[in-house]
Amino acid sequence: MPAYNAADTIHESIMSVLEQTFTDFRLYVVNDCSTDKTKDVIMSFSDKRIVYIENNINLGVSESRNLGIKESRGKYIAFLDSDDLWKSEKLEIQYNLLLEGWDIVCSNYQTFSGSPDNILNLRISPEVISYKEMLKSNFIGNLTGIYNSDKLSKIYQNKVGHEDYVMWLELVKKAQKIYCVQESLALYRVTDKSLSSNKVRAMFWQLKIYRNVLGFSLIKSGYYFFFYILYAIHKRK
């Protein structure tokens, strides 16, 4: 859980992890040089499952996530930002699916503004997702994804727009296909400061991934970008 000046939201986010029905986990919280009371809120918890990490300089969200990935000792790796929430059964449902043989599991999720009761929409993805489908859209909300690092190895996030999407693409390419729980298991907070809230910027990032990260031709990039726009409309209910 990367955190920067998240004093107003991180308590609720941490509680959503500690209240999971599946209890055998570690929560790595990376304080990215916050200047507010984020550290005080984190340190108010005495739960031994919380591992506190403090950056010496501000590294940004992707590098802070990478520190958490690097320090993790468990077989499975999941993600949650310091203003988002997991529903209490999230880990238990996904853990059982991982035991069935899936190497990556995600879920549908809801967006909200202000209070978790103020639901804006439901983000939906297909039940089974292939690498080819992932090229058309990021079907894995980062706050919903969990993967088997023993089988797929630890994959770190590059400092690019949609850094989580690039990471999941690499993981899905290894796993070949993933399972998406068709109920909402997480809540994504929408604010004016949300990194992905600017739709024009998000589209620009997507094109850069096709062209600069994946090395696709202009025609191939246009093909997948067409589906990206279609799915962006379809995923919101």
Spatial separation of Cα centroids for region 31-93 and region 95-137, in angstrom | 20
Antiparallel DSSP bridges in the chain: what percent, to the nearest 5?
-> 50
Proxy exposure order for Asp117, Asp84 (fewest C-beta within 10 Å first) is Asp117, Asp84
Any idea what % of Cα-Cα pairs in the chain are farther than 21 Å?
-> 56
The chain: relative contact order as a whole-number percent, Cα under 8 Å and 6+ apart | 22
Could you size up the charge dipole of the chain around its Cα centre, putting +1 on the beta carbon of Lys and Arg and -1 on that of Asp and Glu, and report it in debye to the nearest 20?
-> 1040
Quick one: which of Lys70/Lys132; Lys173/Lys220; Lys90/Lys199; Lys132/Lys199; Lys151/Lys177; Lys70/Lys136 span more than 21 angstrom between C-alpha atoms?
-> Lys70/Lys132; Lys90/Lys199; Lys132/Lys199; Lys70/Lys136
Take Ile155, Ile229, Ile104 and order them by how many other Cβ atoms sit within 10 Å, fewest up front.
-> Ile229, Ile155, Ile104
Which FRET efficiency value, to the nearest 0.05, is calculated for Val160 and Glu183 with the Förster distance at 35 angstrom and r the Cβ-Cβ distance?
-> 0.70
Gain on full stretching of the segment that runs from Cys33 to Asp150 - 0.36 nm per residue minus C-alpha separation | 39.0 nm
For Ala175, what charge total do you get from the other residues with a beta carbon under 9 Å from its beta carbon, if Lys and Arg give +1 and Asp and Glu give -1?
-> +3
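No lab work stands behind these numbers, since they all come straight from the coordinates. Keep in mind it's a predicted model, so treat the numbers as computed, not measured. Quick reminder, even Gly has a Cβ in these numbers, built from the backbone with ideal geometry, and neighbours come from all protein chains shown.
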